[in-house]
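Here is the structure we will look at, set down as structure tokens.
The values are calculated or read from the model by the stated rules, or taken from the named source; none is laboratory data. Treat the numbers as computed from the prediction; the structure is a model and nothing was measured. Here the Cβ positions follow ideal geometry from the backbone for every residue, glycine too, while neighbour counts run over all protein chains shown.
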Amino acid sequence: MEPYKTCKLFGAVRVILGISDAIALIHSPIGCAYNLRYLLTARGAKVRRIFTTNMGEREVIFGGEAKLKKAIKDIDERISPNLIAVLTACASSIIGEDVDLIVRKMRDNVNAELIAIHSGGFEGDQIDGYREALKKVLELVEDNEKEDRCVNLLAVYRYGLDLKETLGILSEMGINVNSILTAKTKLYEIKRASKAMLNVVMCEASGLDAARFMEKRFDQPYIVPPLPIGISCTTEFFESISEFFRINPSNLKEKERTAKEKIKEFRKKLEGKRVCIISGASRAVPLLRFVDELGMIPVLVSIDRLGEETLKRLNKASKELGLSPIILKEPEYSEVLNAVRDLKPDLIIGGMYEKSFSLELGVPICDVMHSDQLTMCYKGAVNLAEKIARVIPSGK
């Protein structure tokens, strides 16, 4: 097969890297850590906290307990993180290394908190890894009194400007964001996650299990609004939170009107252009609705991993908007490439992986996955509309 997604270890590492005072220690040969560093750096992440036990032939045959214990001790003494997460990879999972037992043995010998996460690459894909790692991290949450107008954001992939803009609007609404799970999060912020009155799931495929875990353990309700990409989804995202707390934020409609006015100039150039959307579960529907707001015609929506409600939401949005895109569900690389080739769109909306399509087929691409750009909320909608208009050549 030609894979369109990566392994369980990648998703698990993403969770740990979102905790700023944690170290990800991969119990693996050297290549696993290197490849993760390389891939995440290429996608715009700042990666400095991935370590490896550097398993060799001897450890694969006889077990790597000694190396793992030494690595835990060295990291604790040299770096002094608040949390060390030991993650299995293919090699340590295949030989059945008992990392849970090793972690229990080491807890009294180090200052850092220790957790073990089973993330052998053959055990699942990146969504499986993210979900299981997030639930493991949430086992660290302590009992706390609830605070009014207080929320957690679950399954947060975007750092940088997108997160900053989202937090800014929530603050204007009088909403206190208690814990961001996980993006630039401290361990103490995770432990206080039970203070929130509401969990807001930012990625349905990755965050629902965690939301259900928190609901069962701490009696916290959750909502799964659309990701705030585009104007209508941004409004729906913030209104779903304001409705829960029964507040009426006065400035949302004004922000919406301003954004609509600003994208009019870009709509003139983009109207009628055909676009292929290549996305994960959380972005598929918001991007579909946004390109419709720009007057563009989505002819393909390809989703690398479905959430429970992804198809239902996508079909509902398509019907409401009178659209009929081809939908590819968890496809292989060649399926997406052939579909884009046959459809001959004016634009691809995707990420780094789709740049090869752009080069091979001569179709412009708008990369919306790079972490240092603003794509969310009202300002993000205007910024993204401008970027799309700039990517499509004049007169095309």
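Just checking, which of VAL99, VAL13, VAL103, VAL86 is over 30 Å from ARG305 (Cα atoms) and either surrounded by fewer than 15 Cβ atoms within 10 Å (Cβ to Cβ) or aliphatic (A, V, I, L, M) (or both)? Can you show your working first?
Working: VAL99 fails: over 30 Å from ARG305 (Cα atoms); VAL13 fails: over 30 Å from ARG305 (Cα atoms); VAL86 fails: over 30 Å from ARG305 (Cα atoms).
Just one listed residue meets the conditions, VAL103.
Pick from the range 327-338 the residues that are touching a strand residue (DSSP E or B) at 6+ places or on another chain (Cβ under 7 Å), at pLDDT below 95 and surrounded by 16 or more Cβ atoms within 10 Å (Cβ to Cβ): which of them is farthest from CYS7 (Cα to Cα)?
Top of the filtered list is VAL336.
Counting only residues that are out of contact with any helix residue (DSSP H, G or I) (no Cβ under 7 Å at 6 or more places or on another chain) and surrounded by 15 or more Cβ atoms within 10 Å (Cβ to Cβ), which one in the range 48-80 is farthest from ILE115 (Cα to Cα)?
GLY63
Is it the case that some residue within the range 181-199 is out of contact with any helix residue (DSSP H, G or I) (no Cβ under 6 Å at 6 or more places or on another chain), closer than 22 Å to GLU309 by Cβ, of a type outside the set (Phe, Trp, Tyr) and part of a strand (DSSP E or B)?
Yes - at least one qualifying residue is present in the range 181-199.
Going through LEU361, LEU343, LEU300, LEU328 one at a time, which residue ends up being over 24 Å from ALA259 (Cβ atoms) and touching a Ser or Thr at 6+ places or on another chain (Cβ under 6 Å)?
Details: LEU361 fails: touching a Ser or Thr at 6+ places or on another chain (Cβ under 6 Å); LEU343 fails: touching a Ser or Thr at 6+ places or on another chain (Cβ under 6 Å); LEU300 fails: touching a Ser or Thr at 6+ places or on another chain (Cβ under 6 Å).
After applying the criteria, what remains is LEU328.
Is it the case that the range 68-84 has a residue that's of a type in the set (Val, Ile, Thr) and not in a helix (DSSP H, G or I)? Steps first, answer last, please.
So in the range 68-84, the residues of a type in the set (Val, Ile, Thr) come out as 72, 75, 79, 84.
After this cut, where a residue has to be not in a helix (DSSP H, G or I) as well, the list is 79, 84.
Yes: one or more hits.
Within the range 285-325, can you find the residues that are of a type in the set (A, V, I, L, M), assigned to a loop (DSSP other than H, G, I, E, B) and closer than 17 Å to PRO345 by Cα? Steps first, answer last, please.
We begin by selecting, within the range 285-325, every residue of a type in the set (A, V, I, L, M); these are 285, 287-288, 291, 294, 296-297, 299-301, 303, 306, 311, 314, 317, 321, 323.
Subsequent filtering for residues that are assigned to a loop (DSSP other than H, G, I, E, B) retains 294, 296, 306, 323.
LEU294, MET296, LEU323, listed by residue number.
Looking only at residues that are small (Gly, Ala, Ser) and within 25 Å of the chain's Cα centre (by Cα) in the range 339-366, which one is surrounded by the most Cβ atoms within 10 Å (Cβ to Cβ)? If you could, list the steps in order and put the result at the bottom.
To start, the set of residues in the range 339-366 that are small (Gly, Ala, Ser) comprises 339, 350-351, 356, 358, 362.
With the extra rule that they be within 25 Å of the chain's Cα centre (by Cα), the set shrinks to 350-351, 356, 358.
Numbers: GLY350: 24, GLY351: 18, SER356: 12, SER358: 18.
Across the range 339-366, the extreme among qualifying residues is GLY350.
So which residues in the range 200-219 are without any contact (Cβ under 8 Å) to a residue 60 or more places away in the chain and either part of a helix (DSSP H, G or I) or over 19 Å from the mean Cα position of the chain (by Cα) (or both), if there are any at all? First the steps, then the outcome.
Filtering the range 200-219 for residues without any contact (Cβ under 8 Å) to a residue 60 or more places away in the chain gives 200-201, 211-212, 215-216, 219.
Scanning the range 200-219 gives ALA211, ARG212, GLU215, LYS216, ASP219.
Of a type in the set (S, T, N, Q) and either within 27 Å of GLY207 (Cα to Cα) or part of a helix (DSSP H, G or I) (or both): does that describe SER282? It would help to see each step written out before you state the result.
On the way: of a type in the set (S, T, N, Q): yes; either within 27 Å of GLY207 (Cα to Cα) or part of a helix (DSSP H, G or I) (or both): yes.
Judged against the criteria, SER282 is a match.
Are any residues in the range 375-387 buried (at least 18 other Cβ atoms within 10 Å of the Cβ) and touching a residue at least 40 places away in the same chain (Cβ under 8 Å), and if so, which ones?
THR375, MET376, CYS377, TYR378, LYS379, GLY380, ALA381, VAL382, LEU384, ALA385, listed by residue number.
A quick yes/no check of all residues on (1) under 24 Å from PRO226 (Cβ atoms); (2) at pLDDT 95 or above; (3) not assigned by TED's automatic domain parsing to the domain that holds GLU215:
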position	(1), (2), (3)
VAL99	no, yes, yes
ILE117	no, yes, yes
GLY121	no, no, yes
GLY124	no, no, yes
GLU145	no, no, yes
LEU161	yes, no, no
ILE180	yes, yes, no
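Among the residues of the range 53-74, is any closer than 28 Å to LEU153 by Cα and modelled with pLDDT of 95 or more?
Taking the range 53-74 and keeping what is closer than 28 Å to LEU153 by Cα, we get none.
No - not one qualifying residue is present in the range 53-74.
Could you check how many residues of the range 106-147 are crowded, with 20+ Cβ neighbours inside 10 Å, polar (S, T, N, Q) and in a loop (DSSP other than H, G, I, E, B)?
1
So the check is Cβ under 9 Å with 6+ separation or different chains; which pairs have a first residue in the range 237-255 that's more than 18 Å from CYS377 (Cβ to Cβ) and a second one that's surrounded by 16 or more Cβ atoms within 10 Å (Cβ to Cβ) and of a type in the set (Gly, Ala, Ser)?
From residues that are more than 18 Å from CYS377 (Cβ to Cβ), the pairs are ASN248/SER242.
Just to check your reading of the model, which residue among ILE349, ILE326, ILE365 is in contact (Cβ under 8 Å) with a residue 60 or more places away in the chain and closer than 14 Å to SER279 by Cα?
ILE349
Residue-wise test of (1) more than 27 Å from THR258 (Cβ to Cβ); (2) more than 19 Å from the chain's Cα centre (by Cα); (3) not aromatic (Phe, Trp, Tyr).
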| site | (1), (2), (3) |
| --- | --- |
| MET173 | no, yes, yes |
| VAL177 | no, no, yes |
| THR185 | yes, no, yes |
| MET197 | yes, yes, yes |
| CYS233 | no, no, yes |
| SER242 | no, yes, yes |
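For the range 220-230: of the residues being in a loop (DSSP other than H, G, I, E, B) and of a type outside the set (S, T, N, Q), which is nearest to GLU293 (Cα to Cα)?
Looking only at the range 220-230, we keep the residues that are in a loop (DSSP other than H, G, I, E, B), and these are 220-221, 224-230.
Pick out the ones that are also of a type outside the set (S, T, N, Q) and you get 221, 224-230.
Numbers: PRO221: 32, VAL224: 22, PRO225: 19, PRO226: 15, LEU227: 16, PRO228: 14, ILE229: 11, GLY230: 8 Å.
Result: GLY230.
Given the criteria modelled with pLDDT of 95 or more, surrounded by 21 or more Cβ atoms within 10 Å (Cβ to Cβ) and out of contact with any Lys or Arg (no Cβ under 7 Å at 6 or more places or on another chain), does VAL151 qualify?
Working: modelled with pLDDT of 95 or more: yes; surrounded by 21 or more Cβ atoms within 10 Å (Cβ to Cβ): yes; out of contact with any Lys or Arg (no Cβ under 7 Å at 6 or more places or on another chain): yes.
When the stated conditions are applied, VAL151 passes them.
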